[in-house]
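I have placed the structure first, in the form of structure tokens, so that the comments after it can refer back to it.
The values are calculated or read from the model by the stated rules, or taken from the named source; none is laboratory data. This is a predicted model, so every value here is computed, not measured. Neighbour counts run over all protein chains shown; Cβ positions are idealised from the backbone, glycine included.
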Amino acid sequence: MAGLAPVQAKRPRDERLDFFRGLTMLIIFVAHLPDNSWNAWIPARFGFSSGAELFVFCSGIASALAFGSAFARAGWWLGSARIAYRMWQVYWAQIGLVLALVGLAAALDRLFGFTMLAQQFQPLLADPATALLGIATLSWQPDYLDILPMYLVILALVPMMMLARRYHAVLPFLIAAALYAASWIGGLNLPGNPWNGAGWFLNPFAWQLAFFLGFFIAMRWLPVPALGDRRIMIATAAFVVLSVPLSFWGLIEHWPSAAARDLLLPADEKTNLHILRVMHFLALAYLVLSLIEPWRQRLDSGLGHLLVLIGRQSLACFLASVVLARLLGAIADAAGRSEPVVALLNLAGFALILATAVLVDWFKSAPWAAPVRKTASEAQHPSVAMSAPTTRVREAS
């Protein structure tokens, strides 16, 4: 994003980053809610790229802002330790998410006679030892649970990029390009299914390209064109518009554009992040950022403020959105999938994701650490106020 200050300097949060991260959380929820008719109208249906590119790109920017200063201030070793700590958090978030969804499926099966456990985690029932080992080692990722493992592996590449930058300014770019090329030419990937030998659905060695584009921009290693350039806006708008006939289901179903899309994009176009997806995302990002620039200072107001709140707690909101998608999907199965029911469930999911953001923000503010307000009697008798905490501690012990 244009206009970001150097990572070493303290500065206010970029409201665009939180705004679009919040928007991404809602898009991911809509995409994960099973058989959701709203899924037909998310941005991914109108172009090559999807909310996943936005999520990973924003994660790259956020990582540069959060961890780049640690490398500059504390050195490479401590900066790497900071990355390792974040990886530790993401790993246990993934494990907790999988276990929560297994528990949710088992509870719904027992309470309401569903068969969600068999539908969603069949390998866990058929071969529990292999499945549990796969969950622990990330060598098996159940459906729709592959985003956090990808992010974890990409985070592990950050110290290598920071070290490479010490030797030559171009070296990080060469590493990112080499990994991306190896995923396409050499099939570089990680094992993602112990039963059929398939790799990760979201290949981290390919998707790191989207992450490090955001990371390099935020680190000021990669220059970006000024927003609002008329020639660039025309070119990006043309690219975005031309991608619609090759992506929108309403046209593909009636025009012969589906054949053209199949010629342009191979079957693994999402797994290995086809370059057209990258180009489409960058074009769309430049166009949208240019269009909203006059209103940038007002993003954190009105409905935009709600998205900013969600974006500031993106990990917690992502975890909540995945669990809510499964739970509300079960409710939809029981209540029927009429459009009013689907609309109500989508809006309920949005509201609960926002509630998660507000609650987590409150916890992070550590209200218990604020100075205790004195009562009138304590203000009149300071000795009582000073001795009260000691008394309570002794009673508690």
Query raised in the report: What number goes with the only condition from (1) over 24 Å from LEU155 (Cβ atoms); (2) of a type in the set (Val, Ile, Thr); (3) part of a loop (DSSP other than H, G, I, E, B) that ILE292 does not pass?
Result: (3)
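Among the residues of segment 37-50, what is the count of those that are within 16 Å of THR271 (Cβ to Cβ) and either in a helix (DSSP H, G or I) or out of contact with any helix residue (DSSP H, G or I) (no Cβ under 7 Å at 6 or more places or on another chain) (or both)? Steps first, please.
Here is the first cut: in segment 37-50, the ones within 16 Å of THR271 (Cβ to Cβ) are 44, 48-50.
Then drop every residue that is not either in a helix (DSSP H, G or I) or out of contact with any helix residue (DSSP H, G or I) (no Cβ under 7 Å at 6 or more places or on another chain) (or both), which leaves 44.
Going through segment 37-50 one residue at a time, the tally reaches 1.
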Query raised in the report: Restricting attention to segment 176-189, and to residues there that are among the aliphatic types (A, V, I, L, M) and either within 22 Å of the chain's Cα centre (by Cα) or crowded, with 18+ Cβ neighbours inside 10 Å (or both), which single residue is nearest to ARG220 (Cα to Cα)?
Result: ALA176
Query raised in the report: Cβ-Cβ below 6 Å, separation at least six or inter-chain, first residue in segment 339-364 and free of Cβ contacts under 8 Å to residues at least 12 places away in the same chain, second in a helix (DSSP H, G or I): which pairs?
Result: VAL341/ALA335
Report task. Using the structure shown, decide if GLY192 is over 20 Å from LEU282 (Cβ atoms), surrounded by fewer than 17 Cβ atoms within 10 Å (Cβ to Cβ) and touching a strand residue (DSSP E or B) at 6+ places or on another chain (Cβ under 8 Å). Result -> no
Requested in this report: Inspect segment 110-129 for any residue being outside any helix (DSSP H, G or I) and on the phi > 0 side of the Ramachandran plot and give the result as yes or no.
Outcome: yes
Report summary line: So the helices (runs of 4 or more DSSP H) completely within segment 210-265 holding 3 or more residues that are at pLDDT below 95, touching a Leu at 6+ places or on another chain (Cβ under 7 Å) and not polar (S, T, N, Q) are 257-264
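Let's see how each residue does on (1) among the aliphatic types (A, V, I, L, M); (2) under 24 Å from PHE55 (Cα atoms):
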| site | (1), (2) |
| --- | --- |
| ARG231 | no, no |
| THR236 | no, yes |
| VAL240 | yes, yes |
| LEU246 | yes, yes |
| GLY250 | no, no |
| ASP262 | no, no |
| ALA267 | yes, yes |
| HIS274 | no, yes |
Report task. Would you be able to tell me the number of residues in segment 147-173 that are over 27 Å from THR24 (Cα atoms), surrounded by fewer than 19 Cβ atoms within 10 Å (Cβ to Cβ) and of a type in the set (A, V, I, L, M)? Result -> 6
Report task. Answer yes if at least one residue in segment 148-168 is closer than 16 Å to LEU99 by Cβ, at pLDDT 95 or above and within 25 Å of the chain's Cα centre (by Cα), and no otherwise. Result -> yes
